[in-house]
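Colleague: This is the structure, below, for whatever I ask next.
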Amino acid sequence: MKKFIIFLLFIICGLIVWQTTRSPKDISVSEENDWRTYQKTEKKVSSHPSTKDELDKINVRKKENTKKRMPASKKDTFNGRTINADNPDKYNYKTGNFQISNKENPDWKDTLASDLLRFQDSTTKILIKEEESFVIIRQGTGRLVEKVVITYLHNHGKKNAAHALVDSETGKIITIWNRTRYENFIPTKSGMLPKGQI
Amino acid sequence: MKKNRLTYIFMAFILTSCLSTSGGNKRESSTSQITNNASTVNAYNGRVLRDNPIILSGNNNLSPTMDIGTLLTHEQDYITNQNTLIGFCKSIEDSNSPCYRILENQYSTPLTSTDYKWAYTAGTSEFDQVHTFYHVGKIVENFQSNLESYYNGVHLDDFGFPKAPPYTTAIPSTLYSQLGHWDKNKTLEGYSWAQVENNACFSPTDFTVHLGYLKDYPSVRFAHDPSIIYHETGHALVKVMMNMRNTAYGSNVAPIKESELGYLQYDEAGAINEGIADFTAHSINQRSRFSEWILGILSLSRPLSEDDTLHIAGISKDSTSRLSYPTYLNYEPNDPSFVIEDIHNAGMITSHLLVAIVDDLMSKCYITDRNSAIKLVFQIMTETLSELGDFTATGNNNNDFTINLNYNHSWEWARISKPINYYTFYQTMARKLLTVLGSNLRCNGHNYSQDDIERLFDSYGLLLFQNYNEDGGGAITGHTGTNTEVNVANRLKSILLSKDKVKLDPSDGASQAFIFDGREDMRNALKELTGSLQVSDVSPFIDPSLPYNNGNGKISPGELIGLALNLHNDSNTPIGGVHVLANDWDHFKNEKPCNTLGDSFPLASEGAADSSSESNPSNTAGDCNYITRDNGDEQDEELYPTCFVEISEDDSTKWVSQEKLRQKINLEQHKCLSGDSSRTKDCFLRALKGADQAFYSKIDPNTTWASTLSNDGEPPVFNFSNIIFFEVSEWIPPGTTFNCRFRVRFTNCSDCFTDTSRDDMDDYLDYEFSGAKPYKLINLQFTVID
């Protein structure tokens, strides 16, 4: 009995130590599922759920489930997608009465990744995170798009990231913004030289 | 005996009590280095380098390997009352999502202190994090308290109730309720030892600042120089300011995309961003030089004021000798004989002017506390950036004012059609200075007059505008307001030139353009352009190995090429901010090129669109003399690619659209460069979006850009922002001739932003930048060979 109590105490202590020292790098399952890594292998692009190491490299941290202060306004949605409309007074999107010019394709991310990796070598990885799904309504017509974060992890350790709007059907990038801004304090004296002239 | 023993004991007690008790268990060394650990500080405190090692030591020749611990003093620095390095802002007080947080790098766990003491041995990772936290906190807290104070003055009465602003303001009343004061409640994370060699970066995607280290001295961290911390955090503040109106819109109409200040490797928006970031450092340390330590080791420190000794002789605070635009755009004070095109160097004009505005406000408004004047400049800058970055296209609370064309196209306007440059930024800043401080004794009980503003701006060569454009750029209201006109007597140094002064090099035998088609070069360029996300839409017919690229310096079917116009300045004055556009624009009618746009090309007999029955200007959509109001989205209006093509027809040659050529040779639609059957306008020759514009910092008088940037007679190297990249279809019949109608403008241009055909010399309306009027048209013809 005495040995059992000692053993039980040992287990309890161990659990307490593990809980309190658990690395914040641990990512919840749902957070992990948001990120996917793509990489070229020979002539195809393979993908896998982003590993902890990969997520560390691009600074994905565990987000605690706490009440975060949110902006005062709440946005309307359509089939789970946030509505973004250009002229809500003229085109009453709240009735849902608008045409949608494309449809959702479950493979849009794979198409996007293949496009992004086309001109990179096999050591470069891309991580794609879905941030928000939208239906963008312009002049009464809607388009399903995804707002994503794209991060290139280059073999020399450099990472380049940006936000992008992607067509939910074709996986094509519509716009890119918020590109990483490196100082490059030491100005480069190299560049391109022309091969010819007109 | 017993008495003596007691005496000795007593004396020993007295003597030992005189020993120093600081430094914990260790006596101080003879060099007086402080032992910086928990036992030497109170709770919530630590010690940091309060400035960079050069300043603290007073030694300009300090070795990079010196021990920074010797620079600590006994004094303690308040760090935080939290047990981890997090800081809060107004309405952002959740410890799990704080306003800012510092870590060692993106892989590390947060530093925690169970005893709430923050003293660590200098040079350790813990010390660096605490030190970085202290300095980031300074900037963020200064910015937030200044912003709140300004907001309250504009939007709240003495009792804290909303009131009508006393003047036109770009600061939205919903700024705090929609969390527009801090990037939608994102946490700014700073990394005190990021794995970036000889570099630092700001990542707007995740709102992070990365401070690297010196390659040759890895123990020297960029964080050890607070100027660098302030500079990088300054970029974060720019992002916040640019997006205040976008964020504060807070509804289903709020823009999804965010504003940026700078898109290319070199452009004027980027240079302004760098200048503001340098000024951010000055706002804390108020010195005339940026980064004496880190950049000093690299011999790249930058001055912030003309009286800094780093400047060459001839530069001074005298109004005739300021660091002026565009003369000093390529100036490198550490090596004045070297000509460089870099946003940090070009940004010095901005940093110097911002410092000069501080000086001028102190003088003209009798402000004795420099901090107060700096705060005013930050308030003006916030107004300026908030308006210019507005993607809702409203700009400010004047209902008649619009900017960036309209909501649907604001991003494209800011990217290429009317990006921020030295003209737009300083015109807006001048207007804000006049509005906020120019009346009602709002400048410390005085008025900062229009003449004060204009004389100062002119001394920097930046009195580039004819009026203050209070009525904005809207199609309906853009010419209906009353604009304050610039006093021409104040324009002594800012020389404005007609757009006709820029042209292709007219010298005998000179090239019209340079061609880049080397396979390795272009593969690397494509890899870099896509890998940095500057370009994302590349034709499916461009093979990554670029098999068609033959490096013969000519344009062949199937190639990916670069083109750089050989531009010449045909005047006796330098021109700055030369911008070449190759995006789609409004210059066609019914698949035929218009010849009413100023270049008189092509002739009617050569296929020009028939505009004989049109009025000029026309109000009929689709006419050559009508410019699209909605970037081609309205009925009967379309934008066309810059390049069109010559075909043979009825025993003559005609200039037609690329679609016409496709029809003529019966090429299937899906074989067009887009790979999309519905997109055939740019079937054969297409500018890569993202690389469809080129920027040239400056062209000296009566010479070319290439000569201006030449060092020691060597040809200049072209960086990506100097080159426009084109995809060339493999299906082009060899021998086909193309004409690319480029639009060109420059910043100190008298008629690129001002409509000189108007008596009131008002600015062009935003929609006019879809057409030809604000630009010099340069036609470049070439034949695609086999």
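Colleague: Pull up segment B:245-273, narrow it to residues that are modelled with pLDDT under 95 and among the β-branched types (Val, Ile, Thr), then point me to the one that is surrounded by the fewest Cβ atoms within 10 Å (Cβ to Cβ).
Modeller: Per the stated criteria, the residue is B:253.
Colleague: Related question: So which residues in segment B:92-107 are open to solvent by less than 30 Å² (accessible area, probe 1.4 Å) and among the polar types (S, T, N, Q), if there are any at all?
Modeller: B:97, B:105, B:106
Colleague: Restricting to segment B:128-178, give me the number of residues that are over 29 Å from residue B:46 (Cα atoms), away from chain A (no Cβ under 14 Å), in contact (Cβ under 8 Å) with a residue 60 or more places away in the chain and among the β-branched types (Val, Ile, Thr).
Modeller: 3
Colleague: Please tell me if residue B:335 is under 30 Å from residue B:263 (Cβ atoms) and either under 19 Å from the mean Cα position of the chain (by Cα) or buried (at least 20 other Cβ atoms within 10 Å of the Cβ) (or both).
Modeller: So residue B:335 does not fit the description; no.
Colleague: Limited to segment B:620-644, what total is found for residues that are at positive phi and in contact with a Gly (Cβ under 9 Å, 6 or more places away or on another chain)?
Modeller: Of the residues in segment B:620-644, 1 are at positive phi and in contact with a Gly (Cβ under 9 Å, 6 or more places away or on another chain).
Colleague: If you go through segment B:194-204 one residue at a time, do you hit one that is under 30 Å from residue B:48 (Cβ atoms) and more than 9 Å from every other protein chain (Cβ to nearest Cβ)?
Modeller: Checked against the condition, which is being under 30 Å from residue B:48 (Cβ atoms) and more than 9 Å from every other protein chain (Cβ to nearest Cβ), segment B:194-204 yields at least one hit.
Colleague: Going by the conditions given, is residue B:178 closer than 21 Å to residue B:92 by Cα and in a loop (DSSP other than H, G, I, E, B)?
Modeller: yes
Colleague: Within segment B:67-85, track down each residue that is within 14 Å of chain A (Cβ to nearest Cβ) and open to solvent by 10 Å² or more (accessible area, probe 1.4 Å).
Modeller: Within segment B:67-85, B:83, B:84 qualify.
Colleague: Next up: Filter segment B:709-723 down to residues that are open to solvent by 10 Å² or more (accessible area, probe 1.4 Å) and under 23 Å from the mean Cα position of the chain (by Cα) and give me whichever is farthest from residue B:526 (Cα to Cα).
Modeller: If we take residues in segment B:709-723 being open to solvent by 10 Å² or more (accessible area, probe 1.4 Å) and under 23 Å from the mean Cα position of the chain (by Cα), then B:709 is farthest from residue B:526 (Cα to Cα).
Condition check ((1) charged (D, E, K, R); (2) in the same structural domain as residue B:103 (by TED's automatic domain parsing); (3) modelled with pLDDT of 95 or more) across all residues:
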{"site": "B:130", "(1), (2), (3)": "no, yes, yes"}
{"site": "B:145", "(1), (2), (3)": "no, yes, yes"}
{"site": "B:148", "(1), (2), (3)": "yes, yes, yes"}
{"site": "B:177", "(1), (2), (3)": "no, yes, no"}
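Colleague: Considering only residues that are buried (at least 18 other Cβ atoms within 10 Å of the Cβ) and either without any contact (Cβ under 8 Å) to a residue 12 or more places away in the chain or of a type in the set (Val, Ile, Thr) (or both), which ones fall in segment B:290-313?
Modeller: Listed by number, the residues that qualify are B:294, B:297.
Colleague: Considering only segment B:375-426, state which residues are β-branched (Val, Ile, Thr) and either in the same structural domain as residue B:689 (by TED's automatic domain parsing) or within 18 Å of residue B:240 (Cα to Cα) (or both).
Modeller: B:377, B:380, B:382, B:384, B:392, B:394, B:420
Okay, residues lined up against (1) at positive phi; (2) touching a residue at least 24 places away in the same chain (Cβ under 8 Å); (3) within 14 Å of chain A (Cβ to nearest Cβ); (4) buried (at least 20 other Cβ atoms within 10 Å of the Cβ):
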| residue | (1), (2), (3), (4) |
| --- | --- |
| B:486 | no, yes, no, yes |
| B:498 | no, yes, no, no |
| B:508 | no, no, no, no |
| B:512 | no, yes, yes, no |
| B:531 | no, no, yes, yes |
| B:535 | no, yes, yes, yes |
| B:555 | no, yes, yes, yes |
| B:567 | no, yes, yes, yes |
| B:577 | yes, yes, no, yes |
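Colleague: Just give me the residues in segment B:274-289 being open to solvent by 10 Å² or more (accessible area, probe 1.4 Å) and closer than 26 Å to residue B:575 by Cβ, in sequence order.
Modeller: Within segment B:274-289, none qualify.
Colleague: Same structure again: What strands (runs of 3 or more DSSP E) completely inside segment B:541-632 contain at least 2 residues that are among the hydrophobic types (A, V, I, L, M, F, W, C)?
Modeller: In segment B:541-632, B:560-565, B:575-581 are the strands (runs of 3 or more DSSP E) which contain 2 or more residues that are among the hydrophobic types (A, V, I, L, M, F, W, C).
Colleague: Of these, B:209, B:240, which one is touching a Gly at 6+ places or on another chain (Cβ under 7 Å) and within 14 Å of another protein chain (Cβ to nearest Cβ)?
Modeller: Of B:209, B:240, the one residue that is touching a Gly at 6+ places or on another chain (Cβ under 7 Å) and within 14 Å of another protein chain (Cβ to nearest Cβ) is B:209.
Colleague: In this structure, does residue A:182 turn out to be buried (at least 22 other Cβ atoms within 10 Å of the Cβ) and at the interface with chain B (Cβ under 7 Å from one of its Cβ atoms)?
Modeller: Values: buried (at least 22 other Cβ atoms within 10 Å of the Cβ): no; at the interface with chain B (Cβ under 7 Å from one of its Cβ atoms): yes.
Taking the combined requirement at face value, the residue does not satisfy it.
Colleague: Can you tell me how many residues in segment A:149-171 are more than 10 Å from chain B (Cβ to nearest Cβ) and closer than 12 Å to residue A:112 by Cα?
Modeller: 4
Colleague: Starting from residues that are aliphatic (A, V, I, L, M) and within 14 Å of another protein chain (Cβ to nearest Cβ), keep the ones in segment B:705-753 and report whichever is nearest to residue B:767 (Cα to Cα).
Modeller: In this case the residue turns out to be B:724.
Colleague: Okay, moving on. On the given criteria, is residue B:699 within 23 Å of residue B:601 (Cα to Cα), within 22 Å of the chain's Cα centre (by Cα) and either crowded, with 23+ Cβ neighbours inside 10 Å or of a type outside the set (Lys, Arg) (or both)? Give the steps one after another, and end with the answer.
Modeller: Values: within 23 Å of residue B:601 (Cα to Cα): no; within 22 Å of the chain's Cα centre (by Cα): yes; either crowded, with 23+ Cβ neighbours inside 10 Å or of a type outside the set (Lys, Arg) (or both): yes.
For residue B:699, the condition - within 23 Å of residue B:601 (Cα to Cα), within 22 Å of the chain's Cα centre (by Cα) and either crowded, with 23+ Cβ neighbours inside 10 Å or of a type outside the set (Lys, Arg) (or both) - is not met.
Colleague: In contact (Cβ under 8 Å) with a residue 40 or more places away in the chain and of a type outside the set (Asp, Glu), is that true of residue B:603?
Modeller: no
Each row is one residue, and each column tells you yes or no for (1) in contact with a His (Cβ under 8 Å, 6 or more places away or on another chain); (2) modelled with pLDDT of 95 or more; (3) of a type in the set (Phe, Trp, Tyr).
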{"position": "B:352", "(1), (2), (3)": "no, yes, no"}
{"position": "B:363", "(1), (2), (3)": "no, yes, no"}
{"position": "B:366", "(1), (2), (3)": "yes, yes, yes"}
{"position": "B:372", "(1), (2), (3)": "no, yes, no"}
{"position": "B:381", "(1), (2), (3)": "no, yes, no"}
{"position": "B:388", "(1), (2), (3)": "no, yes, no"}
{"position": "B:399", "(1), (2), (3)": "no, no, no"}
{"position": "B:405", "(1), (2), (3)": "no, yes, no"}
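Colleague: Just to check your reading of the model, which residue among B:64, B:110, B:53 is in the same structural domain as residue B:186 (by TED's automatic domain parsing) and open to solvent by less than 10 Å² (accessible area, probe 1.4 Å)?
Modeller: Numbers: B:64 fails: open to solvent by less than 10 Å² (accessible area, probe 1.4 Å); B:110 fails: open to solvent by less than 10 Å² (accessible area, probe 1.4 Å).
The unique qualifying residue is B:53.
Colleague: Now, a different point. Residue A:126: in contact (Cβ under 8 Å) with a residue 24 or more places away in the chain, more than 7 Å from chain B (Cβ to nearest Cβ) and open to solvent by less than 10 Å² (accessible area, probe 1.4 Å), yes or no?
Modeller: yes
Colleague: Okay, next question. From (1) of a type in the set (Ser, Thr, Tyr); (2) open to solvent by 30 Å² or more (accessible area, probe 1.4 Å); (3) in contact (Cβ under 8 Å) with a residue 12 or more places away in the chain, pick out the condition that doesn't hold for residue B:316.
Modeller: Unmet condition: (3).
Colleague: Just one of the numbered conditions (1) modelled with pLDDT of 90 or more; (2) assigned to a strand (DSSP E or B) is not true of residue A:169; which one?
Modeller: Failing condition for residue A:169: (2).
The values are calculated or read from the model by the stated rules, or taken from the named source; none is laboratory data. Source: prediction; values computed, not measured. Note: ideal-geometry Cβ built from the backbone for every residue, glycine included; neighbour counts use all protein chains shown. All accessible areas refer to the heavy atoms of the entire protein, side chains included, with ligands and DNA or RNA removed. Shrake-Rupley method; radii C 1.70, N 1.55, O 1.52, S 1.80 Å.
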